[in-house]
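Student: I have a structure I would like to understand better, so I am pasting it below and will then ask my questions one at a time.
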Amino acid sequence: MTDVRPDSQRQRKRVFIRTYGCQMNVYDSDRMADLLGSLGYGLADSVEQADLAVLNTCHIREHASEKVYSELGRLRDVKQERRGAGRDLTIAVAGCVAQAEGEEMVRRQPAVDIVVGPQAYHRLPELLAEAERKAALKRAGKRLPGAGVLDTDFPAESKFDHLPAPHGVRAGSAFLSIQEGCDKFCTFCVVPYTRGAEYSRPAAAVLAEARTLVAAGAIEITLLGQNVNAYHGEGPDGATWSLARLIQALAEIEGLARLRYTTSHPRDMDDDLIAAHRDVPQLMPYLHLPVQSGSDRILAAMNRRHGRDLFLGLVDRLRAARPDLALSSDFIVGFPGESDADFDATMQLVDQVGFASAFSFKYSRRPGTPGSALPDQVPEAVKTARLAALQSLLVKQARAFNQSKVGRIVPVLLAEIGRKPGQIVGKTPWLQSVHLEGTLRLIGRIAEVRLTAGHANSLAGELAGVAREQAA
Ligand code: 5AD
Ligand code: SF4
């Protein structure tokens, strides 16, 4: 194929960004792409086309960081091959593994040029300049004291004040980070150590970013935060705004049809937020509310600051406010000390609630967290058996939820091209994927779709009417 781009673009440097883990990382990767775009970097689809590779990493469970090291081995090989051809590949590791490992990362994989934590990536331009300077010195045969350029500070200034406004919106849906970090210190979790203390962005900055996103084509915004419902940002009126207050203000933005937020903590689910699920039509009937375990003993050992009854009480109040609310959750099986009776309590809670979807994990020992030092670690085989039992129940519930919607006509936000020719994929108000036949013209819009079949992970449907025009 001929390259028809102008010379200026053909010469452009390119960055390849690989994202691991949560939606927060997806948001951070988009912001890094915007920032690097302002430095003249275009996006590459593969490492082979790139001058800079960024791995935006996740540290939440062990296999997540192991994946990063194996990918780094592959990048090192590409870098070494390039050297012979006189073209370099700069390797940057961002995100929570970068934060947690710091210098250790460069020691374990010396091909890494830059290590930058999740609170410091607005400094990427300086770090890149420094890495280039070091590379030039190395090429000139100078011996350098340490390899790699490192920034894993929690800087006093907020990265949000130093990032350019977001550019493109993919298919009508956008993430918006409003809160970061966590002060809860659940005993299994690395987030308070890798993402730092809780911080809420001022409401005016959030509203301005939301307006920019809507102007760029977003009709759905998902508000992000590790502890999003603990949001307590400074309001334009000088008062502290809760998440509920922020949602009400966002709902006034013309053209913004859908609002979501994730991830929440049961302890921060206040009355106003529950009422918002009743009163704000743009707030979609879906809530991801991690419970982790159904056993009070284990919840206490996890330092979750809530018991089983608090969670079940919330479920009742939420369903009273919004009867069609789809509930999703996170579960950990095999936390240290978890007995058969504790696990049964989890199964029983799942049975009682009925979840529309869920994520479940085997407990993974994270160095530096209190849980990793606890006695009574649960044997791997027990964790495996418990996870299988839990997942089979959760899958049954998800399938039942999806099947309960079959026959209905619902608004679906069409988000991407499907795998089969002529197929597009969208999201229901309850966040399930729906596969249907449709043209690309519909992507980024909301269409009325008749649901025709329900599976464990998705639904099938067909267009039921004319797609609603995307708001201007
Ligand atoms: N082991 C297993 N699962 C974990 N999670 C967080 N830390 C661990 C861990 N050490 C899960 C929790 C959390 C989700 C994002 O990841 O369920 O809600
Ligand atoms: Fe981790 Fe608990 Fe904070 Fe969630 S609330 S990020 S699980 S410490």
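Student: Give me the net charge for the shell around Ala300: Cβ to Cβ below 15 angstrom, other residues only, Lys and Arg +1, Asp and Glu -1.
Tutor: Net local charge, Ala300 excluded: +1.
Student: Now, a different point. Counting alpha carbon pairs within less than 8 Å and at least 6 residues apart, what relative contact order, in whole percent, applies to the chain?
Tutor: On the way: 943 pairs, mean separation 47.1, N = 472.
Dividing the mean separation by the residue count of the chain yields 10 percent.
Student: Continuing with this model, one more query. Can you list the lysines whose alpha carbon is less than 23 Å from that of Lys134, not counting same-chain residues fewer than 8 positions off?
Tutor: By straight Cα distance, Lys134 reaches Lys13, Lys79, Lys142.
Student: How big is the Cα convex hull of segment 338-472 in projection, averaged over all directions, in nm²?
Tutor: Mean projected area for segment 338-472: 11.6 nm², to one decimal.
Student: Do me a favour and compute the ellipsoid semi-axes for segment 93-132 from its Cα gyration tensor, root of five times each eigenvalue, largest one first, whole Å.
Tutor: Over the Cα atoms of segment 93-132, the semi-axes work out to 16, 14, 5 Å.
Student: Which Cys residues of the chain have no other Cys beta carbon under 4.7 Å away?
Tutor: That list is Cys22, Cys58, Cys96, Cys182.
Student: Could you state the per residue volume, in Å³, of the convex hull enclosing the Cα atoms of segment 399-444?
Tutor: Numbers: hull volume 3.6 nm³, N = 46.
Enclosed volume per residue, from the Cα hull, is 79 Å³.
Student: Between segment 93-140 and segment 228-307, what is the separation of their alpha carbon centroids in Å?
Tutor: If you average the Cα positions of each part, the centres end up 35 Å apart.
Student: How much length is gained if the chain between Ala464 and Ile409 is pulled fully straight, taking 0.36 nm per residue apart and subtracting their Cα-Cα distance, in nm to one decimal?
Tutor: 19.1 nm
Student: Then there's this: List residues of segment 330-369, by number, whose backbone nitrogen lies under 17 Å from a label position 7 Å along Cα→C-beta of Asn457.
Tutor: 356-361
Student: Please tell me the relative contact order of segment 401-472 in percent, rounded to the nearest whole number, where contacts are Cα pairs under 8 Å and at least six residues apart. Show your work: numbers first, answer last.
Tutor: Numbers: 175 pairs, mean separation 23.4, N = 72.
Result for segment 401-472 is 33 percent.
Student: Using bins 5 angstrom wide from zero, how does P(r) for segment 277-329 break down, in % of all Cα pairs?
Tutor: 5, 19, 26, 20, 13, 10, 5, 1
Student: Still on this structure, please answer the following. Which GluC sites (Glu not before Pro) in segment 146-230 pass both tests, a DSSP loop state and at most 11 other beta-carbon atoms within 10 Å? It would help to have the intermediate numbers written out before the result.
Tutor: On the way: sites: Glu157, Glu180, Glu198, Glu209, Glu220; in loops: Glu157, Glu198.
For GluC sites (Glu not before Pro) across segment 146-230 that sit outside H, G, I, E and B with at most 11 neighbouring Cβ atoms in 10 Å, the list reads Glu157.
Student: So who's got an amide H within less than 5 Å of the one on Leu43, skipping anything under 5 residues away but keeping other chains? H placed 1.01 Å off N, in plane.
Tutor: Val15
Student: If you take the charge dipole of the chain about its Cα centre, with +1 on Lys and Arg Cβ and -1 on Asp and Glu Cβ, which of Gln423, Ala381, Val353 is farthest toward its positive end?
Tutor: So the residue we want is Gln423.
Student: Continuing with the same structure: Given 20 °C and 1.002 mPa s, compute D for segment 334-378 with the Stokes-Einstein relation, Rh being the Kirkwood radius over Cα pairs; round to the nearest whole µm²/s.
Tutor: 177 µm²/s
Student: What is the diffusion coefficient of the chain in µm²/s, taking the Kirkwood radius over Cα pairs and the Stokes-Einstein relation at 25 °C with a viscosity of 0.890 mPa s?
Tutor: Answer, rounded: 102 µm²/s.
Student: With the crude spin-label approximation of a point 7 Å out along Cα→Cβ, what separation in nm comes out for Asp45 versus Ala208?
Tutor: 3.6 nm
Student: Convex hull over the Cα atoms of segment 395-472, averaged projected area in nm²?
Tutor: 4.8 nm²
Student: While we're looking at this one, here's another question. Determine one quarter of the surface area of the Cα convex hull of segment 31-152, which equals its mean projected area, and express it in nm² to one decimal.
Tutor: Average projection, Cα convex hull of segment 31-152: 7.4 nm².
Student: Name the residues of segment 87-113 whose amide N is less than 19 Å from a point 7 angstrom out from the Cα of Asp153 along the C-beta direction?
Tutor: 93-96, 98-104, by backbone N distance to the label point.
Student: What per residue convex hull volume, in Å³, do the alpha-carbon atoms of segment 208-353 yield?
Tutor: Enclosed volume per residue, from the Cα hull, is 114 Å³.
Student: Give me the percent of Cα-Cα pairs in segment 273-427 that sit more than 20 Å apart, rounded to a whole number.
Tutor: Percentage above 20 Å: 57.
Student: OK, next. Along Cα→Cβ, 7 Å out, is where each label goes; now give me the distance between the ones at His162 and Glu252 in nm to one decimal.
Tutor: For His162 paired with Glu252, the spin-label model returns 3.3 nm.
Student: Taking every pair of distinct Cα atoms and averaging 1/r, then inverting, what Kirkwood hydrodynamic radius in Å comes out for segment 172-267?
Tutor: Taking every pair of different Cα atoms in segment 172-267, averaging 1/r and inverting gives 13.7 Å.
Student: Going by how many other beta carbons lie within 10 Å of each one, how would you line up Arg322, Arg74, fewest first?
Tutor: Arg74, Arg322
Student: Provide the per-residue ³J(HN,Hα) series for segment 381-390, in order, calculated from phi with Karplus coefficients 6.51, -1.76, 1.60 and θ = phi - 60°, each as a whole number of Hz, with x at glycine and proline positions.
Tutor: Working through the residues one at a time gives 5, 5, 4, 4, 5, 5, 4, 4, 5, 5 Hz.
Student: Show me the trypsin sites (Lys or Arg not before Pro) within segment 122-226 that DSSP assigns to loop and that have at most 10 other Cβ atoms within 10 Å of their Cβ.
Tutor: When the trypsin sites (Lys or Arg not before Pro) of segment 122-226 are filtered for loop state and at most 10 Cβ neighbours within 10 Å, Lys142, Arg143 remain.
Student: Can you compute the modelled spin-label distance between Asp271 and Ser339, with each label point 7 Å from Cα toward Cβ, in nm?
Tutor: Each label point lies 7 Å from its Cα, and together they span 3.9 nm.
Student: For Arg18 and Asn303, calculate 0.36 nm times their separation in residues minus their Cα-Cα distance, and state this gained length in nm to one decimal.
Tutor: Gain on stretching Arg18 to Asn303: 99.3 nm.
Student: While we're on this one: Could you calculate the contour length gain from Leu310 to Arg82, that is, 0.36 nm times the residue separation minus the distance between their Cα atoms, to one decimal place in nm?
Tutor: Extra length from Leu310 to Arg82 when fully extended: 76.4 nm.
Student: Amide H neighbours of Leu150 under 5 Å, at least 5 residues apart or on other chains, H built in the peptide plane: list them.
Tutor: Under 5 Å from the amide H of Leu150 lie the amide H atoms of Val115, each far enough along the sequence or on another chain.
Student: Could you line up Lys427, Lys396, Lys383 from fewest to most neighbouring Cβ atoms inside 10 Å?
Tutor: Lys396, Lys383, Lys427
Every number in this text was worked out from the coordinates using simple rules, so none of it is lab data. Please read all numbers here as calculations on a predicted model, not as lab measurements. When we count neighbours, we look across all protein chains shown, and the Cβ atoms used for this are built from the backbone with ideal geometry, even at glycine.
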